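Structure first, commentary second.
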Amino acid sequence: AAHLIAERGFPGVRLEDLGAAVGISGPAVYRHFPNKDALLVEILVEISRRLLAGGTQVAETTPDPRDALEGLVDFHLDFALGEPDLIRVQDREFTSLPDEGQREVRVTQRRYVEIWVDVLRRIDPALPESDARTMAHATFGLINSTPHSADPRSPEGTRAVLRRMALAALAATPS
């Protein structure tokens, strides 16, 4: 479903297309989801939950904050480069969610951002929370934009460039 939605956009995917992609009829999709919107909610909520779980695991198992920050960057890079369809769906289709789905995604995303804020502030306790939040969001923007433009012939090169850029940006002290 994520691949089809990333490729065609949410409005351009029919239940018949979704069913065919997994070897069932379009109406059989209703056995798993009450409607197409519920499928999109599931995809986007699951993305946010996976990011939160991975970020939590990195932060809780890496006591040194600088190592934890590198771990968060590596985790987010692995996710974005390993799941480009999910990143595209998350980027393009959030506004297609019903209000309750948007709220659930936003709450989970905020919790993920706060992991980054905490790690950044452990590195620099004088860093204002709002600056740390801006830095985290800017890093996500840098990394998440890559599935749209990465060179598929050089995934390791792309990853290395993004890693250096993200860590350099996060090391900069906002004035």
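The values are calculated or read from the model by the stated rules, or taken from the named source; none is laboratory data. Keep in mind the model is a prediction, meaning the values are calculated, not measured. For neighbour counting, all protein chains shown are included, and Cβ atoms are generated from backbone atoms with ideal geometry for every residue, glycine included. With ligands, DNA and RNA removed, areas are computed over all heavy atoms of the protein, side chains included. Shrake-Rupley method; radii C 1.70, N 1.55, O 1.52, S 1.80 Å.
Can you spot a residue in the stretch 73-90 that is under 15 Å from the mean Cα position of the chain (by Cα) and among the aromatic types (Phe, Trp, Tyr)?
Yes: one or more hits.
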Next on the checklist: Out of the residues in the stretch 35-55 meeting the condition of being more than 14 Å from the chain's Cα centre (by Cα) and in contact (Cβ under 8 Å) with a residue 60 or more places away in the chain, tell me which one is surrounded by the most Cβ atoms within 10 Å (Cβ to Cβ).
Outcome noted: LEU40
Checklist entry - Only one of (1) within 21 Å of the chain's Cα centre (by Cα); (2) farther than 21 Å from ALA132 by Cβ is not met by ARG111, so which one is it? => result (2)
Next on the checklist: I'm trying to understand the selection: among the residues of the stretch 66-121, which are surrounded by fewer than 15 Cβ atoms within 10 Å (Cβ to Cβ) and not in a helix (DSSP H, G or I)?
Outcome noted: PRO98
Checklist entry - Residues of the stretch 149-175 being surrounded by 11 or more Cβ atoms within 10 Å (Cβ to Cβ), modelled with pLDDT under 90 and touching an Asp or Glu at 6+ places or on another chain (Cβ under 8 Å), which ones? => result GLY157, THR158, PRO174
Checklist entry - List pairs: first in the stretch 10-34 and under 20 Å from ARG88 (Cβ atoms) and assigned to a helix (DSSP H, G or I), second modelled with pLDDT under 85 and open to solvent by less than 40 Å² (accessible area, probe 1.4 Å), Cβ under 6 Å, 6+ apart or cross-chain? => result LEU18/VAL29
Checklist entry - Only one of these conditions is not met by ALA6: (1) buried (at least 18 other Cβ atoms within 10 Å of the Cβ); (2) outside any helix (DSSP H, G or I). Which number is it? => result (2)
Item to check | THR95 vs. criteria without any contact (Cβ under 8 Å) to a residue 40 or more places away in the chain, under 30 Å from ASN35 (Cα atoms) and of a type in the set (Ser, Thr, Tyr) | outcome: yes
Next on the checklist: Among the residues of the stretch 129-142, what is the count of those that are open to solvent by 20 Å² or more (accessible area, probe 1.4 Å) and free of Cβ contacts under 8 Å to residues at least 40 places away in the same chain?
Outcome noted: 8
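Just to be sure before I move on: is VAL58 part of a helix (DSSP H, G or I), open to solvent by less than 60 Å² (accessible area, probe 1.4 Å), closer than 17 Å to LEU86 by Cβ and at pLDDT 90 or above in the structure I sent? So that I can check it myself, show each step before the final result.
Details: part of a helix (DSSP H, G or I): yes; open to solvent by less than 60 Å² (accessible area, probe 1.4 Å): yes; closer than 17 Å to LEU86 by Cβ: no; at pLDDT 90 or above: yes.
No; evaluated as a whole, the condition is false for this residue.
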